[in-house]
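The values are calculated or read from the model by the stated rules, or taken from the named source; none is laboratory data. Predicted model only: the values in this text are computed from it and were never measured. Using ideal geometry, Cβ is built from the backbone for each residue, glycine included, and neighbour counts are taken over all protein chains shown.
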Amino acid sequence: MAGRKADSPVYVIGQVRLRQRGEKHVWHARYSTPAGRKEESLKVTNLKVAMRKAREISELLERSEYANLESRHTHKSTTFAAFVEEFRASYTNWSERTWQANNGLLTKLLHEFGPLPLNSITTHQLESYLARRRDQDGIKTPTTNRYLSALKTIFKMAVRWGYMGHNPAEPIKTLREESEIPDALTEEQLGKLLAELPDNARTIAIFAVDTGLRRSEIKQLQWSDIRFGERMIVVRGSEAKNDEFRVIPMTERVHTLLQELHQQNQQAKVKRMQAIPWQDIKKSLHSAGMRAGIGHVHLHMLRHTFATRLRDRGVPLDRIMELLGHKSMEMVLRYAKARPEQLKDAIAALDR
């Protein structure tokens, strides 16, 4: 056949037949769709790259994604930034909390990849970026995995929506995260911290450390979720990270606190639906922690303290998991490790 090497081999990749054409020996893919037989130039001479492209075409054919097969050509000039804009508008599988957590992350990804054509981004580029962030910026393994997870989701949707034929983030493996004992306050440190906090910040801190609720859950808690008679707090719907309600029994301190707040709300001219009067206490916690000689304290540390106090009192890990609202035991197992001071006490027992 004219234009074809006499001994040019034909490779079958799934539903695609590969062969070289022309003097430059460019690989072509031949396949069938309901509209008829198609043949397209893959514009590469490297067999390995041609096989990868053929595999992408075959996967689209196997899923009957014929429109996506055609749109690969029309979306070639789409930039990463343009696709992320559509991703933000159309992707619905991230909760509001996940979007909030990933906003800063997406901004950094746009700074790095924004102007690049989506189809030009390679696995090597993504791996190099993540390695550079770890080496130069010092981001930790969990943060690296968050970046990778976001990239995998973005490119997965780019493939599904027909913008590209393969996911360059898919081959990158998630890094193994070392299990660390979460930062938690001792009873003495907690007492000192609360003593240093202003009134409203102290209210939020007490509520956080006695319920283990997340920031978003405290902010969105309504009076209708407070069961004074049963001494229960219901964390429901989108307020919970996993979109399932859970019930938190009140400590005596939280019960008293909520009663006082409820009474104040009943007496106010303008009544609020929100149970806890929210304000950002980031600076208050840091300042109080420094004055108390503890060092930097953040709100999530109070959630860790809640779980650690339960563990120290012998509460089973499955109950702690339920109270924290975790879906798996993996996160909770971090609290099963003894704290350094407890290990010291254990060894000190040998001297008695």
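Going by the structure shown, is residue 214 of a type in the set (Lys, Arg) and modelled with pLDDT under 90? Spell out the reasoning first.
Details: of a type in the set (Lys, Arg): yes; modelled with pLDDT under 90: no.
No; evaluated as a whole, the condition is false for this residue.
Taking the range 58-70, which residues are surrounded by 15 or more Cβ atoms within 10 Å (Cβ to Cβ) and either closer than 13 Å to residue 11 by Cβ or among the polar types (S, T, N, Q) (or both)?
Answer for the range 58-70, where residues must be surrounded by 15 or more Cβ atoms within 10 Å (Cβ to Cβ) and either closer than 13 Å to residue 11 by Cβ or among the polar types (S, T, N, Q) (or both): 58, 68.
Taking residue 221, is it surrounded by 14 or more Cβ atoms within 10 Å (Cβ to Cβ), among the aliphatic types (A, V, I, L, M), assigned by TED's automatic domain parsing to the domain that holds residue 256 and touching an Asp or Glu at 6+ places or on another chain (Cβ under 8 Å)?
Values: surrounded by 14 or more Cβ atoms within 10 Å (Cβ to Cβ): yes; among the aliphatic types (A, V, I, L, M): yes; assigned by TED's automatic domain parsing to the domain that holds residue 256: yes; touching an Asp or Glu at 6+ places or on another chain (Cβ under 8 Å): yes.
It is true that residue 221 is surrounded by 14 or more Cβ atoms within 10 Å (Cβ to Cβ), among the aliphatic types (A, V, I, L, M), assigned by TED's automatic domain parsing to the domain that holds residue 256 and touching an Asp or Glu at 6+ places or on another chain (Cβ under 8 Å).
Looking at the range 295-311 only, could you name the residues that are free of Cβ contacts under 8 Å to residues at least 12 places away in the same chain and on the phi < 0 side of the Ramachandran plot? If you could, list the steps in order and put the result at the bottom.
Keep residues of the range 295-311 that are free of Cβ contacts under 8 Å to residues at least 12 places away in the same chain, which gives 295-296.
296 - this is the single residue of the range 295-311 that is free of Cβ contacts under 8 Å to residues at least 12 places away in the same chain and on the phi < 0 side of the Ramachandran plot.
Return the pairs, sorted by first residue and then second, in which the second residue is among the small types (Gly, Ala, Ser), the first residue lies in the range 175-204 and is more than 17 Å from residue 283 (Cβ to Cβ), the beta carbons are less than 6 Å apart, and the residues are 6+ apart or on different chains.
192/292
So, in the range 85-136, exactly how many residues are among the small types (Gly, Ala, Ser) and surrounded by 12 or more Cβ atoms within 10 Å (Cβ to Cβ)? Lay out the reasoning, then the answer.
Keep residues of the range 85-136 that are among the small types (Gly, Ala, Ser), which gives 89-90, 95, 101, 104, 114, 120, 128, 131.
Still in the running and surrounded by 12 or more Cβ atoms within 10 Å (Cβ to Cβ): 95, 101, 114, 120.
The total comes to 4.
With the range 263-336 as the region, which helices (runs of 4 or more DSSP H) entirely inside it contain at least 2 residues that are under 20 Å from residue 233 (Cβ atoms) and of a type outside the set (A, V, I, L, M)? Before you say what the answer is, go through the steps one by one.
Details: elements: 282-291, 299-312, 317-324.
Hits in the range 263-336: 299-312, 317-324.
Please work out if residue 256 is under 26 Å from the mean Cα position of the chain (by Cα), at pLDDT 95 or above and either hydroxyl-bearing (Ser, Thr, Tyr) or assigned by TED's automatic domain parsing to the domain that holds residue 312 (or both). Can you show your working first?
Values: under 26 Å from the mean Cα position of the chain (by Cα): no; at pLDDT 95 or above: yes; either hydroxyl-bearing (Ser, Thr, Tyr) or assigned by TED's automatic domain parsing to the domain that holds residue 312 (or both): yes.
No.
So residue 157 ticks every box in (1) assigned to a loop (DSSP other than H, G, I, E, B); (2) closer than 22 Å to residue 96 by Cβ but one. Which box is left unticked?
(1)
Step by step: first the residues of the range 321-352, then only those that are within 13 Å of residue 310 (Cα to Cα) and among the small types (Gly, Ala, Ser), then the one that is modelled with the highest pLDDT. Which residue is that?
By that ranking, first place goes to 336.
Select the helices (runs of 4 or more DSSP H) contained entirely in the range 34-111, then report the ones holding at least 1 residues which are at pLDDT 85 or above, among the charged types (D, E, K, R) and within 17 Å of residue 155 (Cβ to Cβ). Don't jump to the end; show me each part of the working.
Numbers: elements: 47-62, 66-74, 80-90.
Per the criteria, 47-62, 80-90.
All but one of (1) outside the structural domain of residue 29 (by TED's automatic domain parsing); (2) out of contact with any Phe, Trp or Tyr (no Cβ under 6 Å at 6 or more places or on another chain) hold for residue 167, so report the exception by its number.
(2)
Please name all residue pairs, on different chains or six or more residues apart, with Cβ atoms under 6 Å, provided the first residue is in the range 268-294 and is without any contact (Cβ under 8 Å) to a residue 24 or more places away in the chain and over 17 Å from residue 224 (Cα atoms) and the second residue is surrounded by 13 or more Cβ atoms within 10 Å (Cβ to Cβ) and not charged (D, E, K, R).
Close Cβ pairs (under 6 Å, with a partner that is surrounded by 13 or more Cβ atoms within 10 Å (Cβ to Cβ) and not charged (D, E, K, R)) do not exist here.
Could you list, in sequence order, all residues of the range 147-178 that are among the charged types (D, E, K, R), surrounded by fewer than 16 Cβ atoms within 10 Å (Cβ to Cβ) and under 20 Å from the mean Cα position of the chain (by Cα)?
Going residue by residue through the range 147-178, those that are among the charged types (D, E, K, R) are 152, 156, 160, 170, 173, 176-178.
Keeping just the survivors that are surrounded by fewer than 16 Cβ atoms within 10 Å (Cβ to Cβ) gives 156, 160, 170, 173, 176-178.
Within the range 147-178, 156, 170, 173, 176, 177, 178 meet the criteria.
Quick grid of which residues meet (1) closer than 22 Å to residue 305 by Cα; (2) modelled with pLDDT of 95 or more; (3) in contact with a strand residue (DSSP E or B) (Cβ under 9 Å, 6 or more places away or on another chain):
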| position | (1), (2), (3) |
| --- | --- |
| 186 | yes, no, no |
| 194 | yes, yes, no |
| 199 | yes, no, no |
| 208 | yes, yes, no |
| 236 | no, no, yes |
| 243 | no, no, no |
| 250 | yes, yes, yes |
| 266 | no, no, no |
